[in-house]
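None of the figures in this text is laboratory data; all of them are computed from the coordinates on show. Everything quoted here is computed from the prediction, not taken from an experiment. Positions of Cβ are generated from backbone atoms using ideal geometry, with glycine treated the same way; all protein chains shown enter the neighbour counts.
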Amino acid sequence: MKYRKVSAIIRRDALEKVERRLQDAGVRGISVTRVKGYGEYADFYARDWMVAYARIEIFTTQEKAEGIAQVIMDSAHVGLSGDGIIAVLPVERLYRIRTKSEATEENV
Amino acid sequence: MKYRKVSAIIRRDALEKVERRLQDAGVRGISVTRVKGYGEYADFYARDWMVAYARIEIFTTQEKAEGIAQVIMDSAHVGLSGDGIIAVLPVERLYRIRTKSEATEENV
Amino acid sequence: MKYRKVSAIIRRDALEKVERRLQDAGVRGISVTRVKGYGEYADFYARDWMVAYARIEIFTTQEKAEGIAQVIMDSAHVGLSGDGIIAVLPVERLYRIRTKSEATEENV
């Protein structure tokens, strides 16, 4: 499988910086969802322990996935347990709706 | 792995049509999330470049995944760069909470 | 691949119980998103057939994934067709932003 999904759960207040860095790094498409979380990526001391996070999702090639994870780690890192997590998942196929065809490695 | 997740990021205004076509095609379960995005699936000319999208998620069998992607491509396609993207991801296991057991290919 | 993503779509009203049981079971991080759904995990009789669900996402090890799915099944189960679905997906890499390094099996 030559494509990957990079899925990151980051602090809501780090989102703007992360987005900017990803654009600077040439990442051509991201999607962002609001999520709530707890645990390793939340504040255990909060009375209401569900904390506001943002989830970023990027579809990319196998070659670029690790570099993208690195950019997110560098720009979202504060050094606290609520900093978040990044996962890289295998993607079997990737299609562009605009062209109604599979993505090519050149346009991802 | 015999199951797949079809994950599509489409224009918000195409959602209703896509849902209808998926139901017509016999897709028995979808979930929809609001996301924001930019890049290949957004309008670069927008001053506020984060555009409203919908993410559709469907769990299905390996055999049906490509057909479902095709239905989404056909019904969400406008021909613009913000049309969106569809990914097919491998799924190791799939359980139904109603039956407390693994899904069978007959009921997916 | 030694890591997994457990992704569950459950009734919104089962969320609190499921979260509590997951914490009791030692699950150290979850994220929750609001989704809408229909089909096997919705009420077909509803006039407005898009029903409110919650999606839970947990990153974990291969060894723990099935146990976590079981906890969710047990605590979200009502016995109706709208009870929801749980998928286990392979994860190639998992990074912690706090440590800027790959997760170890000990801290997942």
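Of note:
- Centre separation in Å (Cα based) which lies between the stretch C:50-108 and the stretch A:50-78: 19 Å
- Averaged over C:76-89, number of beta-carbon atoms from partner chains that fall within 10 Å: 6
- For the stretch B:3-107, the equivalent ellipsoid derived from the Cα gyration tensor has semi-axes of 28, 14, 12 Å, listed largest first.
- With K and R counted +1 and D and E -1, the other residues having a Cβ less than 9 Å from that of B:Ile86 yield a net charge of +2.
- Copy-to-copy label separations for A:Thr104, where each label sits 7 Å from Cα toward Cβ, in nm and ascending: 4.5, 4.5
- Chain A: angle of helix A:62-76 to the longest principal axis, Cα-based, in degrees nearest 10: 30 degrees
- For the protein assembly as shown, average projected area of the Cα convex hull in nm²: 15.3 nm²
- Comment: the Cα-to-Cβ extended label point of A:Glu16, at 7 Å, lies 3.5, 3.5 nm from its counterparts in the other copies, nearest first.
- Copy-to-copy label separations for B:Gln62, where each label sits 7 Å from Cα toward Cβ, in nm and ascending: 1.8, 1.8
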